[in-house]
Structure formats: C-alpha cells, structure tokens
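Each remark here refers to the structure printed beneath this line.
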Amino acid sequence: MDRRSFLRAGSLAGVSRAAIAAGLPGAARLAALGGGVLALPAAQAASGYRALVAVMLYGGNDGLNTVLPLDGRLGQYQAVRGALALGTAADSERALGPIASVGGGAWGLHPRLEALAPFFDDGSLGFVSNVGPLARPTTRADYASWRKLNDADKLPEALFSHSDQQKLWQNGTARTETGSIGATGWGARGASKLSAGLYSFSGNSRFGTGSNGSALILPGPGTDMRGALSAYQPTSNWAPTRKISDALVTMLAAPNADPLFTTLAGLRGSAFDAMQRLGDIVLATPASATAAYSVIDSAFTAARRTSAGATASAYSQALGKQLYQVAKMIASHATVGGSQHIYFVQLGGFDTHGGQAAIHAGLMSQLGIGLAAFATAMRGLGLHDSVTSFTLSDFGRTFKPNSSGGTDHAWGNQQLVLGGAVQGGKGYGSYPELTLGGPDDAGIDSWEFQGRWIPTTSVDQYGATLLRWLGVAEADLDSVFPNLARFASRDVGFMKS
C-alpha cells in the first residue's frame, strides 16, 4: 500500500460495520477487521424494543424557571427571583408568564413549555429535583468540611465549571477521568453492557464515548450519506463505477501488517455498512412524504404557540430536527438493528448570565415544542411506552439573580423525563428548600448565599434508574456508575418496570 492509496482510503467516513459482509467483494475479510465504534447487534423482533433519548442542555439550564411549585413556596420563589420570577400574568412574549399549571395546580412549567403540559397531566412526563454530580451523599456540613480538600472522593472535581461539569454529568462519576473508566460516558458504558446501538445527531460527546468504541455520529435531515462518498457506488448501473467501488472495498480488505491501516480499514467498512442501511432513513424529510414516516412528519410540522402571536414547528428548530432524525431511526428500528438503542441530541445557549428572560424563553420553546412533537410521534407509532427521553445539563443556575438580569453557575438542578414508561404527573427527589443560606445552599459565608443547591439525587442514581429500565442488569450498574453503591437508594422510582 503506497502513501497515495492510504490517504485516498483515509478520505472515507467511518461509522458501523455489522452487515458489510453481505454481497460486496472482499467484504468478509473487511468485516473481520477491527473497528472503532460500537458494533450493531443483529436485527431482532420489534417486541421488547426500548430506547433512551438523552437531551443535553449545554450551558446550564435554569431548572428553577423550568418547573416550580405553585403552593406556598411560590411567593418565596418570587420574592428572591424578582424580575426573573415566573408569574400567573401573561406577557406578550410569554417569557415570564403565564405559568403553565400542571398536576392539578401543584406544579408549574415555564410558559414556553405549555406543549408539554398535557403529557404531565396524562402521567407520561415527570421531573427529578436537585440532581447533580456527587461523589457520595453530601450535606451542607459535609460541603463546608470538604470543599477545600480538593478530594474527588469527597466532592466532585471543578464544581461550577462548564466543561468539567459537562464531563461529570456525561461520565456519571465525580472525576473527569476515573481509573479503568477513563474518559468514557455512561451512555457508552451502558450500551456496551447490552450490545445496544448508540447514536448521536449532535457530534461527539463524552456521554457516547466508550473504551472500545463510540457513538455512531449521523447527520441531519436531507443529508445524502451515500452521495458523500463518490468512490463507493456498489449499486451503480454503470460498470466502470461498480469496478472502482469493488476495487476500493478489495483494497481495504487486503491483508496489511500496519495496525493503523487495519483500524482505518475497519472504520471505512463501517461507513459502507451505515450508508447502505441507514442512508434512506437519514435522507428523508417531511418534504419527502415518505409513507412510513407520515405520523412523524405530521407531529414535527404541526404549529405550536411560542409568543402570544407566533407559532413554530419542531422541524423549524435545531433541536427539533435532531429529534426528527431520532424519531425516524426509532420508527425503523428493525432496519437499524437491535432491540435497545441510546440516542444523544443537544441544545446549547443556556449560559444565561445576562438578559435571561428572553433567551431562556426561546430555548424553552425549542425544548417544549421539540419534546412534545417527539412524544406525539412516538404515541402515533405505538412506541410511546418503549421510548424514554430525558434531559441533562451542566448544572443549575443560582436562585438569586445577578445584576445583569441573569443567573450564575450553580450545582443541583431539575431534569425532565418523558415517555409512556415514566410514572409521571409528579416530581421525584427532594425539591430544594428555597432559602438563601438554608440547608440546601452551598454558600457557607454570607456573601456566598446565592442558592447553589447541593444535590440530593446523584447523576449515578438518575442514570441507573434509566439504564435499569433499558435492561442493564443490577450487577452491571455498579461498573457503569462506580459511586452508585455509596447511595442508599439505587432507583429514584420514576420509571415503570
């Protein structure tokens, strides 16, 4: 293999390799080569299918303005939040009101999450309070004693830092890298335990990075994956093109002593497989009017209210397009292969240090409309009970606003969980006591009383509850979440069996 041929081979994009052996010259040897992504299991019957959809909210979502109590604590909340407080009065942009009352008036959602209110009231949307990275159960007294020790066995590393807390949320540990787990994510570790398919529609993430392979990264709607690789055209009607394609596969399948080339060849074979199996799924858009996706198209193009006089569809928004891709993959899970899937999508922009009311409202629109369209599509497909979506975020925001009309970095946060298998219509965990300097506040000196809540539910407990529902065995959860055994409760309780 000369340098030019090696570089030409390296121009191909690698993804998954499970079915490359069928019908391609040299494919049997090529498929046997090592790859760098999680191998897809063989297609199984639709019965027993389950999927998790992780929705990462980058920047630190303000959970206190996402879901809040409407009992006597509302006045306490509004007194501290001031100009950023949600209320019952409407404003033209629906940035702060009216609160969407749910749960018989016990709880309220941000006004721009009103599309999710019916799911809360029918019991398929719930929330988990004050979740965050923890090394072990931690009280305010513990935090005061441990915070200067720089000991990740006591407290998570680099609290209140975006990049570090993103890693900890996606690692499911209290360290950015931990022993044999290293720089891997709990999504990848959980998928490995089940040989489940792992996919991302938002690029690389720690959540989807594994020790033996990582998430299959796929593009947005309307992308012609096969057209991106002009040299590989095994179905071309023109003989010269087919010969070039066959030669490319044969070249990559040829024995080679160079381990770098062997690994590269395995990745290239993965690309061929993914383009053949998933190309039509990825390519479809609502404009394609693909019959198999008509229910999905309808859900994602439906107009839902944003401000008082405006509407938007999920498909018109960035998060909605990612969830649209996930919905098609789930609808075509027999083609995708496997009875368990994990998906990763993301929405950024939540670092709202200033001008939060308007910025957060726009982001809540994307989240509310996107998740509502996705759940509507799953229900229409008869898969609502088989699919659970859930949020993650760097951390919460301070209870006390800053002087710029925003909030600052905090710790524990509220997370949403949606699906027919969710025991919804209520909250789980312990909602923080809304008192600056109170038992949940990480501030020790008076000037630190900002409402940075010490989590009462760990990421370990939250993630284990989700992976247990997906099918990960109880014994395997301890290797996915190395600190889980330190917590008395291993199941937060928000999932049905």
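A few notes on this one:
- Matching option when the condition is at pLDDT below 95, polar (S, T, N, Q) and in contact with a Gly (Cβ under 7 Å, 6 or more places away or on another chain), among Ser200, Ser180, Ser192, Ser214: Ser214
- For segment 132-142, the tally of residues that are touching a helix residue (DSSP H, G or I) at 6+ places or on another chain (Cβ under 8 Å) and either among the aliphatic types (A, V, I, L, M) or surrounded by fewer than 24 Cβ atoms within 10 Å (Cβ to Cβ) (or both) stands at 5.
- Among the residues making up segment 436-488, those that are free of Cβ contacts under 8 Å to residues at least 24 places away in the same chain and at negative phi are Gly438, Gly443, Asp445, Ser446, Trp447, Glu448, Glu474, Ala475, Leu477, Asp478, Ala485.
- The helices (runs of 4 or more DSSP H) found wholly in segment 105-219 and carrying at least 2 residues that are more than 30 Å from Gly337 (Cα to Cα) occupy 117-121, 140-146, 162-171.
- Residues of segment 475-490 satisfying the condition of being closer than 18 Å to Lys193 by Cα, out of contact with any helix residue (DSSP H, G or I) (no Cβ under 7 Å at 6 or more places or on another chain) and of a type outside the set (Gly, Ala, Ser): Pro482
- Pairs with Cβ under 7 Å, 6+ apart, first in segment 60-81 and outside any loop (DSSP other than H, G, I, E, B), second among the charged types (D, E, K, R): Leu64/Arg397; Val80/Lys400
- Test: residue in segment 369-378 that is in contact (Cβ under 8 Å) with a residue 24 or more places away in the chain, farther than 22 Å from Gly126 by Cβ and not in a strand (DSSP E or B): no
- Yes/no for Phe374 being in contact with a Ser or Thr (Cβ under 7 Å, 6 or more places away or on another chain), surrounded by 24 or more Cβ atoms within 10 Å (Cβ to Cβ) and of a type in the set (A, V, I, L, M, F, W, C): yes
- Residue that is surrounded by fewer than 19 Cβ atoms within 10 Å (Cβ to Cβ) and in contact with a strand residue (DSSP E or B) (Cβ under 8 Å, 6 or more places away or on another chain), where the choices are Ser161, Ser145, Ser202, Ser129: Ser161
- The residue of segment 88-113 that is farthest from Lys400 (Cα to Cα), among those that are of a type in the set (Gly, Ala, Ser) and touching a helix residue (DSSP H, G or I) at 6+ places or on another chain (Cβ under 7 Å), is Gly103.
- Selection within segment 84-116 - more than 19 Å from Ala358 (Cβ to Cβ), among the small types (Gly, Ala, Ser) and free of Cβ contacts under 8 Å to residues at least 24 places away in the same chain: Gly104
For every residue, the table says whether it meets (1) surrounded by fewer than 23 Cβ atoms within 10 Å (Cβ to Cβ); (2) of a type in the set (Lys, Arg).
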{"site": "Asp151", "(1), (2)": "yes, no"}
{"site": "Thr173", "(1), (2)": "no, no"}
{"site": "Glu177", "(1), (2)": "yes, no"}
{"site": "Gly182", "(1), (2)": "yes, no"}
{"site": "Arg189", "(1), (2)": "no, yes"}
{"site": "Ile217", "(1), (2)": "yes, no"}
{"site": "Gly220", "(1), (2)": "yes, no"}
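- Residues of segment 298-357 satisfying the condition of being among the charged types (D, E, K, R) and in contact with a strand residue (DSSP E or B) (Cβ under 7 Å, 6 or more places away or on another chain): Arg304, Arg305
- Residue within segment 307-320 that is of a type in the set (A, V, I, L, M, F, W, C), modelled with pLDDT under 95 and within 23 Å of Glu114 (Cβ to Cβ) present: yes
- Within segment 291-312, the set of residues being over 16 Å from Leu367 (Cα atoms) and either surrounded by 17 or more Cβ atoms within 10 Å (Cβ to Cβ) or acidic (Asp, Glu) (or both) comprises Tyr293, Val295, Ile296, Asp297.
- Restricting segment 335-367 to residues that are of a type in the set (Val, Ile, Thr) and either without any contact (Cβ under 8 Å) to a residue 60 or more places away in the chain or not in a helix (DSSP H, G or I) (or both), the residue that is surrounded by the most Cβ atoms within 10 Å (Cβ to Cβ): Ile342
- Restricting attention to segment 75-94, the residues that are over 15 Å from Leu64 (Cβ atoms) and surrounded by 14 or more Cβ atoms within 10 Å (Cβ to Cβ) total 3.
- Set Ala464, Ala485: member being of a type outside the set (Phe, Trp, Tyr), surrounded by fewer than 22 Cβ atoms within 10 Å (Cβ to Cβ) and not in a loop (DSSP other than H, G, I, E, B): Ala485
The values are calculated or read from the model by the stated rules, or taken from the named source; none is laboratory data. Since the model is a prediction, treat every value here as computed from it, not as a measurement. Because the Cβ atoms are built from the backbone with ideal geometry, glycine has one as well, and the counts that use them run over all protein chains shown.
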